[in-house]
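K.L.:
I have a structure I would like to understand better, so I am pasting it below and will then ask my questions one at a time.
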Amino acid sequence: MDSDLSHPADIPAPSTPPAATARFARMLAAMGTEPRLNIVRLLLSAHPHGLVVGEIAAELGIPNSTLSHHLDKLRNEGLVQVQREGTFLRYSAHTAGLEELLGFLFAECCTRNRAVEPRRVVCCS
């Protein structure tokens, strides 16, 4: 009996090494708070130039001491990057890391079992 590859169970699972899966889990956990998710979204909207810490704080209403903690967590997980400009720190979205994370999710939800229709992956009105 020939296998029908149109059936999701017959399509092989994407091969993701356990270390990569653990990394993606840490990335998702880092964005798992409302302030951090808002920071990532704000930095994506300011791409490619990013924003200095004071601009992020003003835009989101997060105190600098708390913001510093959130930015460190996001930077440590490869979601944002930082560049010193004199006395200022400029943060920007680390788009390569975000692309990897989205690719990991997309491979499972939109290719193997088609749980989500790829052309419907549009967000946020």
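K.L.:
State whether the residues of the range 79-88 include one that is without any contact (Cβ under 8 Å) to a residue 40 or more places away in the chain and in a helix (DSSP H, G or I).
P.N.:
For the range 79-88, residues without any contact (Cβ under 8 Å) to a residue 40 or more places away in the chain and in a helix (DSSP H, G or I): absent.
K.L.:
With the structure loaded, tell me whether residue 70 is in contact with a helix residue (DSSP H, G or I) (Cβ under 9 Å, 6 or more places away or on another chain) and in a loop (DSSP other than H, G, I, E, B) or whether it fails that test.
P.N.:
In short, no.
K.L.:
Next question. Tell me whether the range 47-65 contains one or more residues that are within 19 Å of the chain's Cα centre (by Cα), of a type in the set (A, V, I, L, M), closer than 23 Å to residue 23 by Cα and modelled with pLDDT of 95 or more.
P.N.:
Among the residues of the range 47-65, not one is within 19 Å of the chain's Cα centre (by Cα), of a type in the set (A, V, I, L, M), closer than 23 Å to residue 23 by Cα and modelled with pLDDT of 95 or more, which makes the answer no.
K.L.:
I need a count of the residues in the range 62-86 that are open to solvent by 70 Å² or more (accessible area, probe 1.4 Å) and either of a type in the set (A, V, I, L, M, F, W, C) or touching a Ser or Thr at 6+ places or on another chain (Cβ under 7 Å) (or both).
P.N.:
1
The values are calculated or read from the model by the stated rules, or taken from the named source; none is laboratory data. Values in this document were obtained by computation on a predicted structure and should not be read as measured data. So basically every Cβ, Gly included, is an ideal-geometry build from the backbone, and we count neighbours across all protein chains shown. Note: areas computed on protein heavy atoms with side chains; ligands, DNA, RNA excluded. Shrake-Rupley method; radii C 1.70, N 1.55, O 1.52, S 1.80 Å.
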